[in-house]
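The values are calculated or read from the model by the stated rules, or taken from the named source; none is laboratory data. Bear in mind the structure is a predicted one, so any value in this text is a computation, not a measurement. Cβ atoms come from the backbone with ideal geometry, glycine included; neighbour counts cover every protein chain shown.
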């Protein structure tokens, strides 16, 4: 299977539907206090290029927001640049722009306009080095690891997954077809998660990119399993991850009326399963489950609840540390809004934030306490271009990141990256 084939097809389908989605309906959250905007800013590594948002991470030690993405000349989608922006979260100043790599994709299936399909993971290690995982090196490996120090020096560039020909020759238990994300562990180790040839795959690598262990998992009851997000648990290398299990659509049946299996799994430092839970979900890109761990120790999972390949309600589930389901609540009902992507992050106050892109361009942000009660909300319409959004939290604010809409107003307007800082309750 070609790299990112599943995700990119779905993202193209989503993008094509822009013109057919009506304006969002009124929500029943008028009684919830509005979240105050502390500051907002548009940034770009080059004022003459279009931007595309990839991944976002937050460095808690120095209060810096890191944003990875791509830029390209308008209407020229095969040539561009991979970059990393560093933003001071206190005052919105852009500290630095690091141009990491030229990208040439004359025959690629994942155009630079969809940076989220090229950049799977952005993490910051204990020593503040940055690790990028993605498909930004088509000439060597479907998946690569790029390690960058904060001065912008690329210390390592590691072709991680073998080419298809090599995969077919070797044991496939540790070979990724797709990496969805990474988790920082102690000692600058990294846990990578995604899809292998036989199902869900998790691999632990050291600071040099060498495999420590890799394991395939079959959790759901469908044919194909893959992991989509996770968190480190404690300080001994344990982890918790969420993922999906789905059946490939049969020929001639593009939108079958079936549900997938979503799941949460907790593992130890060797990758052994400690506990797991399976629940009906939607594996459609953008509605695949994501998670965070709040200060109480509970895990919060946000996911699409509905039929495969169709718009779903967005729900949250809360689990105890031993993966006992505590409660489930609705975030957004699909009949009122059409969710296209979402993000979740824990807040320092003990609750969490859910940010949702609805109706392909309207932002909805909800702040919750640890009991799952909405305590504040924020909304803005016709702001987001494409589907991807980023989310991070610091002491007193949530930082929401998205790509702005091009060609608005008079004359040609290029896409930029917009950051909105929202005050936490």
Quiz prompt | From the options 158, 202, 183, 179, residue that is buried (at least 19 other Cβ atoms within 10 Å of the Cβ), in a strand (DSSP E or B), at pLDDT below 90 and in contact with a strand residue (DSSP E or B) (Cβ under 6 Å, 6 or more places away or on another chain) | solution = 179
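Looking at segment 67-82 only, could you name the residues that are at pLDDT 90 or above and surrounded by fewer than 23 Cβ atoms within 10 Å (Cβ to Cβ)?
Residues of segment 67-82 at pLDDT 90 or above: 67-71, 81-82.
The one that is at pLDDT 90 or above and surrounded by fewer than 23 Cβ atoms within 10 Å (Cβ to Cβ): 81.
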Practice problem: For residue 341, indicate whether it is surrounded by 22 or more Cβ atoms within 10 Å (Cβ to Cβ), more than 23 Å from residue 300 (Cβ to Cβ) and modelled with pLDDT under 95. | Solution: no
Quiz item: Considering segment 260-308 alone, what residues qualify as being more than 22 Å from residue 353 (Cβ to Cβ), crowded, with 20+ Cβ neighbours inside 10 Å and at pLDDT below 90?
Solution: 260, 283, 284, 306, 308
Practice problem: Only residues that are under 16 Å from residue 229 (Cβ atoms) and not in a strand (DSSP E or B): list them for segment 266-296, please. | Solution: 282, 283, 284, 285, 286, 287, 288, 289, 294
Practice problem: Out of the residues in segment 312-328 that are farther than 16 Å from residue 262 by Cβ and touching a residue at least 24 places away in the same chain (Cβ under 8 Å), state the one that is surrounded by the most Cβ atoms within 10 Å (Cβ to Cβ). | Solution: 321
Self-check item: Selection within segment 50-86 - part of a strand (DSSP E or B) and more than 24 Å from residue 145 (Cβ to Cβ)
Solution: 50
Exercise. State whether the residues of segment 402-414 include one that is closer than 27 Å to residue 281 by Cα and crowded, with 22+ Cβ neighbours inside 10 Å.
Key: yes
Quiz item: Yes or no: residue 92 more than 22 Å from residue 145 (Cα to Cα) and either at pLDDT 90 or above or in a strand (DSSP E or B) (or both)?
Solution: yes
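Residues to consider are 220, 216, 230, 152; find the one that is modelled with pLDDT of 75 or more, out of contact with any helix residue (DSSP H, G or I) (no Cβ under 6 Å at 6 or more places or on another chain) and not in a strand (DSSP E or B).
Numbers: 216 fails: not in a strand (DSSP E or B); 230 fails: not in a strand (DSSP E or B); 152 fails: modelled with pLDDT of 75 or more.
Every option except 220 fails the conditions.
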Practice problem: Return the total of residues in segment 95-109 being modelled with pLDDT under 85 and either assigned to a strand (DSSP E or B) or closer than 19 Å to residue 56 by Cβ (or both). | Solution: 2
Quiz item: From the list 56, 130, which one is under 17 Å from residue 394 (Cα atoms), in contact with a strand residue (DSSP E or B) (Cβ under 8 Å, 6 or more places away or on another chain), buried (at least 19 other Cβ atoms within 10 Å of the Cβ) and in contact (Cβ under 8 Å) with a residue 40 or more places away in the chain?
Solution: 56
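Residues are listed down the side, and each one gets a yes or a no for (1) within 23 Å of residue 37 (Cα to Cα); (2) in contact (Cβ under 8 Å) with a residue 12 or more places away in the chain; (3) under 18 Å from the mean Cα position of the chain (by Cα):
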site	(1), (2), (3)
290	no, yes, yes
345	yes, yes, yes
351	yes, yes, no
365	yes, yes, yes
368	yes, yes, no
372	yes, yes, no
